[in-house]
1. When the chain is treated as a GNM, springs tying every alpha-carbon pair under 10 Å, which of 86, 31, 16 comes out with the largest mean-square fluctuation?
2. Please list, in chain and number order, the residues 5+ apart from residue 44 or on another chain whose amide H is under 5 Å from its amide H, with Hs placed from the backbone.
3. What shape does the range 92-136 have by the C-alpha gyration tensor, where a ≥ b ≥ c are the square roots of the eigenvalues, rounded means a/c under 1.5, and otherwise prolate means a/b greater than b/c and oblate the rest?
4. For the chain, modelled as a GNM with alpha-carbon contacts under 10 angstrom, which of 24, 47, 127 fluctuates the most?
5. Quote the relative contact order of the chain in percent (integer), defining contacts as alpha-carbon pairs under 8 Å separated by 6+ residues.
6. Using R₀ = 30 Å, calculate the FRET efficiency as 1/(1 + (r/R₀)^6) where r is the Cβ-Cβ separation of residue 6 and residue 125; round to 0.05.
7. Alpha carbons only, please: Rg and Dmax for the chain, in angstrom.
8. Spelling out what I want: for every residue of the range 125-133, take phi, set θ = phi - 60°, compute 6.51 cos²θ - 1.76 cosθ + 1.60 (Karplus), and round to whole Hz; glycine and proline get x.
Amino acid sequence: MLYSEKVMDHFQNPRNLGKMEDADGIGEVGNAKCGDIMKMYIKVEDDIISDVKFNTFGCGSAIATSSMATEMIKGKPVEEALKLSNAAVVEALDGLPAHKVHCSVLAEEAVRAAVKDYYDKNGIQYDEKLFAEKECPSCHE
Ligand code: FES
């Protein structure tokens with residue numbers, strides 16, 4: 001089968017889908033390759049991501065990876081969320097077809113954009129390098 005059971009499950013029953021009215025950080029990113037967009041909301045309490053929601057106008061793989069990404073960062077320290085890589089999300093989903101890996105980059109970027117927004121809004125200092133553009137292996141072939 002093209003998609004793993006986990007991908008199908010997260011696509012059909014996305015976790016943490018929706019909007020958050022009182023978010024502490026919001027990240028909105030777009031995928032230049034396909035035009036899909038993703039919005040990620042985080043709530044932070046004592047440096048821990050206490051809640052997370054996402055909204056996407058994107059493909060099934062983008063939905064599945066964002067859903068999995070929200071589960072992987074919920075309850076974790078903000079700094080740890082920054083380390084979440086698209087490869088780790090893809091692995092947690094038992095893989096994606098090669099031509100869909102670029103969709104998972106959207107989830108990673110949205111998480112990072114939300115954290116950056118949280119840092120900016122709260123005057124928290126950070127190393128700009130943390131948010132440097134990352135090359136997507138399949139988008140920049
Ligand atoms: Fe656009 Fe998947 S095709 S994110």
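1. The residue with the greatest mean-square fluctuation here is 31.
2. 24, 50
3. Working: a/c = 3.68, a/b = 2.45, b/c = 1.51.
Here the range 92-136 falls in the prolate category.
4. 127
5. Details: 248 pairs, mean separation 40.6, N = 141.
This gives 29 percent for the chain.
6. Result of the calculation: an efficiency of 0.20.
7. Rg then Dmax for the chain, in Å: 14.1, 47.
8. Rounded to whole hertz, the list is 6, 8, 7, 3, 4, 4, 10, 5, 4.
Values quoted throughout were computed directly from the atomic coordinates according to the rules given, and no laboratory measurement underlies them. Please read all numbers here as calculations on a predicted model, not as lab measurements. Quick reminder, even Gly has a Cβ in these numbers, built from the backbone with ideal geometry, and neighbours come from all protein chains shown.
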